[in-house]
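Working notes, structure below.
The values are calculated or read from the model by the stated rules, or taken from the named source; none is laboratory data. Everything numeric here is computed off the predicted structure, so don't read it as measured data. Glycine also receives a Cβ, built like all others from the backbone with ideal geometry; neighbour counts cover every protein chain displayed. Keep in mind that these areas ignore ligands, DNA and RNA; they rest on the heavy atoms of the full protein, side chains included. Shrake-Rupley method; radii C 1.70, N 1.55, O 1.52, S 1.80 Å.
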Amino acid sequence: MYIKLHYPFHCVFFKLHYPANSLYIRNFIPQTIWAVKFIGVMALASGVTLRSYIGKSFRLIFNRIQKRGVASCIDPSVGLSDEQKEFQKVAFEFAANEMAPHMAEWDEKEIFPVETMRKAAQLGFGGIYVQPDVGGSGLSRLDTSIIFEALSTGCTSTTAYMSIHNMCTWMIDTFGNLDQRQRFCPDLCTMNKFASYCLTEPGDGSDAASLLTSAKLEGDHYILNGSKAFISGGGDSDVYVVMCRTGGKGAKGISCLVVEKGTPGLSFGKKEKKVGWNSQPTRAVIFEDCAVRVTNRLGQEGQGFNIAMKGLNGGRINIASCSLGAAHACVQLARDHLTVRKQFGETLSNNQFLQFQLAEMATRLVASRLLVRQAAGALQEDRDDAVPLCSMAKLFATDECFTICNQALQMFGGYGYLKDYPVQQFVRDIRVHQILEGTNEVMRMIISRNLLKDS
């Protein structure tokens, strides 16, 4: 078990050689939490931007749960361990203080909030499920889902990019050799450098195994030619995890290279104008006789497609978790709106039709959360059903959470369509979750294939 104490600009891991349920641990964790609080207060007093992340926003986000029984049924902390509840509170606090106040501005002005993400990395959110020996937090897939859900309540678009960055860092940590892990992961975990995932091509979206970007071996370098489309962080990221063809047709001819920004032959297309996800840039990534060292290849030649799919299994849990955060925020916003908005002489909360709709929204949210967390556990345990469960979680959660957010907008009426109200941004930001990390149509293919393979 690792307890991570976060000081300004660095952190220290203490490995506890005691059973997780021992009296020592139960006593140590609360003391550690108070130490973190004290460190945060001292940081503020000294002018350091790192804050005390326990308390304030937990009250802002969850005071309704304590005051009104209706909210307890969607409480995202139900069923979590004490330790998970604590870092969930940290993530909610960060979302409320550092993200939510700027969400609309980042969207309107298309600002990539680099410094805010680096603050998040000081909390260990830059490499959540990356191993501690290269700067990661070493947490589980379930822990990661909990954190991304909480962060997404503050800004879904920014959290979604952080989830992609985490996926790329994990891929290097998992499939890279010791030199590659030590060369790339520490800067990625602190978010001094940012990472992008490069699989999709202009002519090959869902049919990823047909990608055309080529990498020809010449001496101790691969010469890359081709392009990637819809790359989150494209042009701004420092590290690109690229799937390319080093062999024949099909999945077995694909390899994975890490391409660094500034490499001759690497360029970028125009910044795309998008419906949502405006706090992260999206560009084409272009390779024109781009020479990449053989030492930047992850794994062996021909392993790239397998690496890409293993990354995406976690990516699907991550993006589903971001949808959960948006939906959770929208249920709370809709409920509060119903209690104050009056029509026909009474508040909307007295309208039975709207009561039933709110109930359905809450049910969809909790059902989605349970499925996502089940899939996260299966992936962590490397179970045989992990791949279809990740696909189910991504399919169900992104569909249902979009329905929740869209229904919340409808409850707000004309106000919901105004950019002065955050519900419309949640709708715009999570719509793309049904498309990326494998479209929901592809998720259905994966699930049905698993069901029918033994028939």
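Computed values, structure above
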{"item": "Residue 398 among the polar types (S, T, N, Q) and within 19 Å of residue 150 (Cα to Cα)", "result": "yes"}
{"item": "Close pairs from region 328-346: first closer than 12 Å to residue 74 by Cα, partner surrounded by 20 or more Cβ atoms within 10 Å (Cβ to Cβ) and of a type in the set (D, E, K, R), Cβ under 8 Å, at least 6 apart", "result": "328/149"}
{"item": "Enumeration of residues in region 324-361 that are surrounded by fewer than 20 Cβ atoms within 10 Å (Cβ to Cβ) and in contact with a Phe, Trp or Tyr (Cβ under 9 Å, 6 or more places away or on another chain)", "result": "341, 351"}
{"item": "Residue among 271, 228 that alone is touching a Pro at 6+ places or on another chain (Cβ under 9 Å), among the basic types (Lys, Arg), over 25 Å from residue 379 (Cβ atoms) and open to solvent by less than 30 Å² (accessible area, probe 1.4 Å)", "result": "228"}
{"item": "Criterion (open to solvent by less than 50 Å² (accessible area, probe 1.4 Å), under 26 Å from residue 161 (Cβ atoms) and free of Cβ contacts under 8 Å to residues at least 12 places away in the same chain) met by exactly one of 416, 377", "result": "416"}
{"item": "First in region 269-297 and farther than 16 Å from residue 197 by Cα, second anywhere and part of a loop (DSSP other than H, G, I, E, B) and of a type in the set (Asp, Glu), Cβ under 9 Å, 6 or more apart", "result": "271/110; 273/110; 274/110; 278/110; 279/110; 293/220; 294/220; 295/220"}
{"item": "Subset of region 210-221 that is surrounded by fewer than 24 Cβ atoms within 10 Å (Cβ to Cβ), outside any loop (DSSP other than H, G, I, E, B) and in contact with a strand residue (DSSP E or B) (Cβ under 7 Å, 6 or more places away or on another chain) - its residue that is modelled with the lowest pLDDT", "result": "210"}
{"item": "Near pairs, Cβ below 8 angstrom, 6+ apart or cross-chain, from region 166-187 (without any contact (Cβ under 8 Å) to a residue 12 or more places away in the chain and aromatic (Phe, Trp, Tyr)) to any residue that is open to solvent by less than 10 Å² (accessible area, probe 1.4 Å) and assigned to a helix (DSSP H, G or I)", "result": "none"}
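Residue-by-condition table, conditions (1) open to solvent by 30 Å² or more (accessible area, probe 1.4 Å); (2) within 29 Å of residue 322 (Cα to Cα); (3) in a strand (DSSP E or B):
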{"residue": "252", "(1), (2), (3)": "yes, no, no"}
{"residue": "267", "(1), (2), (3)": "yes, no, yes"}
{"residue": "279", "(1), (2), (3)": "no, yes, no"}
{"residue": "289", "(1), (2), (3)": "yes, no, yes"}
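A quick yes/no check of all residues on (1) open to solvent by less than 20 Å² (accessible area, probe 1.4 Å); (2) modelled with pLDDT under 95; (3) not in a loop (DSSP other than H, G, I, E, B):
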| position | (1), (2), (3) |
| --- | --- |
| 159 | yes, no, yes |
| 185 | yes, no, yes |
| 193 | no, no, no |
| 197 | no, no, yes |
